[in-house]
Amino acid sequence: MKIYGVGILAACFLIGHIVGDYLGKLFHLTGNLGGVGFAMLILVVGNDYFKKKNLIPTETENGILFWSTMYIPVVVAMSATQNVKAALSGGWVAVLVGIIATIACYLLIPVMSKLSKNTTNTKN
């Protein structure tokens with residue numbers, strides 16, 4: 001059922017939120033450090049694992065697919081509520097890290113494309 005997909009997404013979100021809270025405490029921050037990102041990673045890896053083992057019924061997979069397509073707008077809405085002015089006044093390290101991470105992602109696009117072509121060619 002689709003509700004199981006929603007349940008799996010909720011479980012991933014809770015686990016990611018807990019991990020993000022503990023990371024925030026580990027680095028002496030008052031907020032959650034990457035909880036939503038960890039939740040998405042857990043969802044993607046778990047979904048892939050369950051698909052390969054044929055443990056997910058089609059209806060459950062449809063529930064996961066529906067909510068994973070809704071995930072990006074939710075994350076955008078959550079990040080829109082963050083206080084950018086406080087982050088900038090807190091130091092340029094955050095801006096520098098964001099710029100470096102963005103550049104690293106752009107540089108990894110050709111690598112990921114090449115890896116994707118290699119896995120596609122081996123399946124044919």
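Where a number appears in this text, it was derived from the coordinates with a stated rule and is not lab data. These numbers were taken from a predicted model, which means no experiment stands behind them. Don't worry about glycine lacking a Cβ; one is built from the backbone with ideal geometry, like all the others, and counts go over all protein chains shown.
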Quickly work out the residue 114-to-residue 93 label distance, labels modelled 7 Å from Cα along the C-beta direction, and quote it in nm with one decimal. 3.4 nm
Report the gain in length on full extension from residue 28 to residue 59: 0.36 nm times residue separation, minus Cα-Cα distance, nm rounded to one decimal. 7.0 nm
Protection proxy (average C-beta count within 10 Å per residue), highest first, orders 94-104, 36-46 as 36-46, 94-104
